[in-house]
Amino acid sequence: MNETEQLLEQVADRARNSARAQGKPLPTPLGTEEIARAEGILGFALPPLLARLYTRVGDGGFGPEHGLLPLRQALGAHAAQRDSGWRWPEAVLPVADLGCAMYACVDCRSETAQVLLFDPNPGEPDLAWSVDAPGLAGWLRGWLDGTAWFCEESVLGEDHDLELAPWAEFRSRI
């Protein structure tokens, strides 16, 4: 079993255990045709790991904070943000609602599926984007092991003054 398969198994186990503890079912995984349909709507491909989360684990509802968005909701959030005044980059897909209008987003054109934090609270589009994790796999590992800033058990939790690196590519991608 390779690293990606191990990661998918760990995410699936945590998602199932969390759903069981909450007494609600994990959303059914999507079919590859639903991924293809979403990619057609978006005009770009989902990173392989993200697509596999949706087809192997479930259609959202698991993961950091409020969990991964169901794919249809992610498409809606992407369309709404593209139509907003935030100069939303084309191939950046919101994947998790972190509360307070913040989204964790995946740069679908990045080879590592870089995870970006969109935080509109400063009120300035140029200040709204930062790099949350160099890749989706690392972001998921941070959630699994509790070391990511958004995890309650993390030493980087609420008392930590979160200073993420600004997303240097923002201006070139809008």
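FYI, it's all coordinate maths here, none of it is from the lab. Because the structure is a prediction, the values reported are computed rather than measured.
Taking every alpha-carbon pair under 8 Å whose residues sit at least 6 apart, segment 57-129 reaches a relative contact order of 21 percent.
I'd like the Kirkwood hydrodynamic radius of the chain, using the inverse of the mean 1/r over distinct C-alpha pairs, in Å.
Values: mean 1/r = 0.0608 Å⁻¹.
Evaluated over the chain, this radius sits at 16.4 Å.
Computed over segment 1-80, the quotient of the alpha carbon radius of gyration and 2.2 N^0.38 Å is 1.10. Near the amide H of VAL131, within less than 5 Å, lie the amide hydrogens of LEU117, ALA165, TRP167, all on another chain or at least 5 residues away, with H placed in the peptide plane.
Taking every pair of Cα atoms in segment 27-116, average 1/r, invert it to obtain the Kirkwood radius, and report Rg/Rh to two decimals.
On the way: Rg = 12.1 Å, Rh = 13.0 Å.
Looking at segment 27-116, the ratio lands at 0.93.
Once C-alpha pairs closer than 8 Å and six or more residues apart are averaged by separation and normalised to the residue number of the chain, the relative contact order reads 16 percent.
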